[in-house]
1. Has the stretch 166-186 got any residue that is assigned to a loop (DSSP other than H, G, I, E, B) and among the basic types (Lys, Arg)?
2. So how many residues does the stretch 223-240 have that are at pLDDT 95 or above and outside any strand (DSSP E or B)?
3. Looking only at residues in the stretch 197-216 that are among the hydrophobic types (A, V, I, L, M, F, W, C) and in contact with a Gly (Cβ under 9 Å, 6 or more places away or on another chain), which one is most open to solvent (accessible area, probe 1.4 Å)?
4. Being open to solvent by 50 Å² or more (accessible area, probe 1.4 Å), assigned by the TED database to the domain that holds Arg231 and out of contact with any His (no Cβ under 6 Å at 6 or more places or on another chain) narrows it down to one residue among Gln133, Gln125, Gln108; which is it?
5. All but one of (1) in contact with a helix residue (DSSP H, G or I) (Cβ under 6 Å, 6 or more places away or on another chain); (2) open to solvent by 50 Å² or more (accessible area, probe 1.4 Å); (3) outside any helix (DSSP H, G or I) hold for Ser96; state the number of the condition that does not hold.
6. Just to verify a result, which residue in the stretch 163-175, among those that are open to solvent by 60 Å² or more (accessible area, probe 1.4 Å) and under 15 Å from Asp189 (Cα atoms), is farthest from the chain's Cα centre (by Cα)?
7. For the stretch 136-148, what are the residues that are open to solvent by 20 Å² or more (accessible area, probe 1.4 Å) and either farther than 18 Å from Gly185 by Cβ or over 12 Å from the mean Cα position of the chain (by Cα) (or both)?
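The values are calculated or read from the model by the stated rules, or taken from the named source; none is laboratory data. Keep in mind it's a predicted model, so treat the numbers as computed, not measured. Note that each Cβ is placed from the backbone with ideal geometry, even for glycine, and that neighbours are counted across all protein chains shown. These accessible areas exclude ligands, DNA and RNA; they are computed on the full protein's heavy atoms, side chains included. Shrake-Rupley method; radii C 1.70, N 1.55, O 1.52, S 1.80 Å.
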Amino acid sequence: MARNIQSLERAAAMLRLLAGGERRLGLSDIASSLGLAKGTAHGILRTLQQEGFVEQDDASGRYQLGAELLRLGTTYLDVHELRARALVWADDLARSSGESVYLGVLHQQGVLIVHHVFRPDDSRQVLEIGAMQPLHSTALGKVLSAYDPVAHSEAVEAERKAFTDRTVCGVEDFERILDLTRARGYAADVEETWEGVASIAAPIHDRRRMPVGAVGITGAVERVCREGELRPELIAAVRDCARAVSRDLGAGRF
């Protein structure tokens, strides 16, 4: 059995202690409550403070939870609300398109898959929730890069790896694709990330009209495309799904 990391256990206990109190706590209070030496407690608090997880009151020197925890908690709630709102619509999209459906959000300079609906056939498939996809080559990533300024900056500043001969790596060409994505309201990936695979994705917005994710389908090129072009009925289905989820999040009509 793998051993737990003691410093992380102590930091977690410290955060729980601060979360459970109704007032700020001093170094002595925290150290005695957790059975730690003051020097040890101070070192952990200093690290948590540098990361924004703990704040120290200038006047009293006492500690309280920091704003970074609130940001992380809000992100957690946003992702779970997004996933909850998208469940039914993603199932419907898989049935109507006959393809796999993915729901993705921006995470650590890539696209984190937070929901995956299998293609509705008897083929062997692997659940990809938690998988990461690149921003610059996938349909989900292009949508996020086109509508989310943070994703755009990360995609432009990062190294854009060529996965196939079709991958667009140059900044100017990539920016033109993002302009086209915004103009059309959807993005495509036809063998830019995986040979023989094509994807279509559209943006999801919240009640503030901010981009919070993207939804898309992925399948074999011969099914997603017809005579070298994306099938228009699949594009319409993906966009309709994205609009439906956005409406459920309070975005209104797009």
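1. Yes, because at least one residue in the stretch 166-186 is assigned to a loop (DSSP other than H, G, I, E, B) and among the basic types (Lys, Arg).
2. Selection size over the stretch 223-240: 12.
3. Val197
4. Unique residue meeting the criteria: Gln108.
5. Unmet for Ser96, out of (1) in contact with a helix residue (DSSP H, G or I) (Cβ under 6 Å, 6 or more places away or on another chain); (2) open to solvent by 50 Å² or more (accessible area, probe 1.4 Å); (3) outside any helix (DSSP H, G or I): (3).
6. Asp165
7. Tyr147
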